[in-house]
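Novice: Here you go, one structure.
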Amino acid sequence: MAWRFRKSFSPLPGVRLTLSPRGISTSVGVGPIRISNGSRGSAITARIPGTGLSFRQPLDPGRGSPPKRQASLREAPKPRLAFAPSAEPLGPPAEPEPSAVEQGLRDIRSAGSGALTTAGLSEVKRLLLASHKELGEIRSDLTHWRAEEKAAVAKCKSWANGWLLRKLFKNKFEQLRVAAEEATAHRTELEEQERLAKLQMQLDLPPGVQDAFHRFADDFAVMAGARKIWDTVGERAANRVAERTTASRVVERKPVRFKLGKCDLLDTEWAVPHLENANGGDLYFYPAFIIYVVTAESFALLEYAELKLDSSGTRFIEEEGVPSDAQVVGQTWAKANKDGSPDKRFNGNYQIPIAAYGKLLFRSATGMNEEYMVSNAESTEAFSQAWGTFVQAVRAGV
């Protein structure tokens, strides 16, 4: 009979997030005793099942009122991506401005993941990190024992199929059979530990928040079907005279995908909006919070109250081909005067279409700074409206 193997580990307790008008509260534990953390501070709660009686003991002495909310980040002026020709005369040629032409692009990216997490979700982040560490150890052992099982079972089968070795070396064959069973027991036990070590999260959401989130996810799915989506990763001001352009800024963009998906950090049934990021962490919009994931060890959690979305239409000089779901709203020239007319000093000067796109800018006081461009401007506007409705429901907690 093969012996059973069990690695020594401590499975994490269940986590419940409750959304209310006061914000998000986190409770950890199983059965009638739980430790909670929220706007009223940390406390231990015990209840007697079937009686309706409960007891709550604060763990933060002297803390009886919610902390004052930090001042929100003051909005910087919106960079204009307007490409309408100027009515000013060209005048004498101007020398290029090194500050505008020679300098590199300014990165558009968020702060490090260690700074982004909002205070109310720090305990959830700690539990996720502990879960990942535990899973990493278990999965390393699991990889080893899957290989051991494969080799042991294969060797045992080869002896079982061979009459001579099985009859002449009975003791050796029995050792091989036991080794194969033990390897299978190791692998089975570790797979069960892997299942138990995953942090299972329960979200307690009011009906209004759930309904608004489902509509928000539907509008996101429509936007995700746009022909082209880009992550804007850098920018600088354009020198319109030196560069002979009607653009007001120069940007670097990289194609990314939007889709409904799941974050590997959580064991939930929710398929949520997932925004890829070309120069930082991907964004996952769960009903109660946002996860910014660089790696399984480097991630942040943000509350919707801390995240601001600016959505607008933008006119873009498109030299790479206008996607089929975008609208062409004008034309410009590869080399243009300030009034929009072609600069005749350049041979082979050609026209470039101006496309109308949608723009999404996510910012937070903790350092979130992500900008996207979407070819389907109408779907971006619908997503923005659904976002506003959903965030309002989250803040109301109803």
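Novice: Tell me, what ³J(HN,Hα) does each residue in region 275-290 have, in order and in whole Hz, if you take phi through Karplus 6.51 cos²θ - 1.76 cosθ + 1.60 with θ = phi - 60° and put x for Gly and Pro?
Specialist: Result, rounded to whole Hz: 10, 5, 10, 7, 9, x, x, 5, 10, 10, 9, 8, x, 10, 6, 10.
Novice: Just the projected area, averaged over all directions, of the convex hull on the alpha carbon atoms of region 105-181: how many nm²?
Specialist: For the Cα atoms of region 105-181, the hull's average projected area reads 9.9 nm².
Novice: Ok, one more. So what's the Cα pair-distance distribution over region 316-398, bin width 10 Å, in %?
Specialist: P(r) over region 316-398, rounded to whole percents: 15, 30, 26, 17, 8, 3, 0.
Novice: So for each of 219-229, 140-150 I average, over its residues, the number of other beta carbons within 10 Å; can you give me the resulting order with the highest mean first?
Specialist: 219-229, 140-150
Novice: A follow-up question, please. Excluding Trp333 itself, calculate the net charge of residues whose Cβ lies under 14 Å from the Cβ of Trp333, where each Lys or Arg counts +1 and each Asp or Glu counts -1.
Specialist: With Lys, Arg at +1 and Asp, Glu at -1, the neighbours total +1.
Novice: Treating cross-link reach as a plain straight distance, find the lysines whose alpha-carbon is under 24 Å from the alpha-carbon of Lys338, omitting any fewer than eight places away in the same chain.
Specialist: Lys338 reaches Lys78.
Novice: Show log10 I(q)/I(0) for region 352-398 at q = 0.17, 0.31 Å⁻¹, two decimals, from a solvent-free Debye sum over equal Cα scatterers.
Specialist: -0.65, -1.06
Novice: Say the cut-off is 31 Å between C-alpha atoms; which of Lys150/Lys259; Lys125/Lys259; Lys259/Lys335; Lys262/Lys308; Lys150/Lys170; Lys133/Lys172 go over it?
Specialist: Lys150/Lys259; Lys259/Lys335; Lys133/Lys172
Novice: Where in region 269-370 are there trypsin sites (Lys or Arg not before Pro) that are in a DSSP coil and have at most 15 other Cβ atoms within 10 angstrom of their Cβ?
Specialist: Lys344, Arg345
No value in this document is a laboratory result; all are computed from the given coordinates. Remember, it's a predicted structure, so these values are computed and weren't measured experimentally. So basically every Cβ, Gly included, is an ideal-geometry build from the backbone, and we count neighbours across all protein chains shown.
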